[in-house]
Amino acid sequence: MKVKFLLMMLLVVAGLSACSSDDGVETTGTRVGGEIQKVRTGEYTELWTVTIEPEYVLNGDFWGGYTPILPAMEAVDGQGNRTATFLMGEIKDFDFEEGYRYTLQVEAEDVLSPLQAQGIYLADASRYEFTLKEVIDKEYVGIREDGRRDVEMDVQLARVRSVNAIDSWEYVLLCGTVVGTGEKIYMSPLEIFGLPNHWIFQEASEDGSTTDYSVRMKVSITPSDKPVYGDIYRRIRLQEIVSKEKVEENNIIYMDRDEAERILFR
């Protein structure tokens with residue numbers, strides 16, 4: 001049976017993650033809460049002054065029966081409380097480098113209100129588009145190294161069949177096996193920070209069939225005192241891709257749905 005994997009949808013939804021803005025309107029994209037310094041500059045534009053923390057976090061929300069967890073930048077107030085999260089690349093003209101604390105002036109353009117005024121309503125659309133106006137401050141403070149461990153692991157897709165009566169796609173997540181110990185580490189498909197190509201674990205043929213690959217990689221795993229997302233208290237960063245080999249049919253990982261949902265929907 002031809003299987004359509006959710007991994008094929010993740011790049012499409014990489015800029016979408018449902019959230020609630022501080023004005024109570026349900027939007028997708030940036031998660032906003034708490035106080036952000038804002039100055040209105042036009043009918044649909046504001047200048048936001050935000051402080052971006054030096055380490056990435058993860059952002060995600062329920063979407064189409066699945067929770068895509070994506071690397072994001074964390075904005076905080078003067079007391080270190082989160083005020084917003086921005087997906088990587090969501091602020092146009094801004095390149096985030098870990099280890100630096102930034103103070104930014106960002107133009108936030110409300111792109112939904114003009115459409116709604118015309119009676120046009122878009123589902124799964126971000127309310128704001130962001131453009132960097134000025135880097136007010138950039139200070140190197142480093143990232144946490146305490147508790148870090150460097151491991152080499154073999155990572156491949158794990159499949160969990162959907163019970164959706166209409167679609168035939170499966171949930172997918174990543175299963176990493178630490179070389180030398182056999183420790184299993186389960187991850188969202190986009191959870192490894194710095195992974196350049198999320199298609200590296202699977203290739204599609206012209207006939208619609210797919211081939212899975214196991215990728216050996218070196219990563220660092222660092223604990224976090226605060227949740228990076230949900231109940232995730234770790235950051236996994238790619239150091240190096242070592243090798244890649246085809247996964248034979250009898251070695252494809254299939255997971256129990258309940259077990260997988262404890263990982264995916266946290």
Among LEU190, LEU122, what's the order by accessible area (1.4 angstrom probe), most exposed first?
LEU122, LEU190
For a quick check of understanding: with a 1.4 angstrom probe and all protein chains in place, what accessible area in square angstrom does LEU87 have, to the nearest ten?
10
Rounded to the nearest whole number, the per residue volume of the convex hull around the C-alpha atoms of the range 193-240 in Å³ is 100
Step through the table entries LYS218/LYS246; LYS92/LYS218; LYS138/LYS218; LYS133/LYS226; LYS38/LYS226; LYS92/LYS226, compare each Cα-Cα distance with 22 Å, and write down the pairs that go over it.
LYS92/LYS218; LYS138/LYS218; LYS133/LYS226; LYS38/LYS226; LYS92/LYS226
When the accessible area of the range 179-266 is split by element with a 1.4 Å probe, what percent falls to carbon and sulfur?
44
Taking N as its residue count, the alpha carbon Rg of the range 77-132 over 2.2 N^0.38 Å:
1.40
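The values are calculated or read from the model by the stated rules, or taken from the named source; none is laboratory data. The shown structure was predicted, so the numbers you read here are calculated from the model rather than taken from an experiment. For the accessible areas, the whole protein counts, side chains as well, though only heavy atoms, and no ligand, DNA or RNA atoms are used. Shrake-Rupley method; radii C 1.70, N 1.55, O 1.52, S 1.80 Å.
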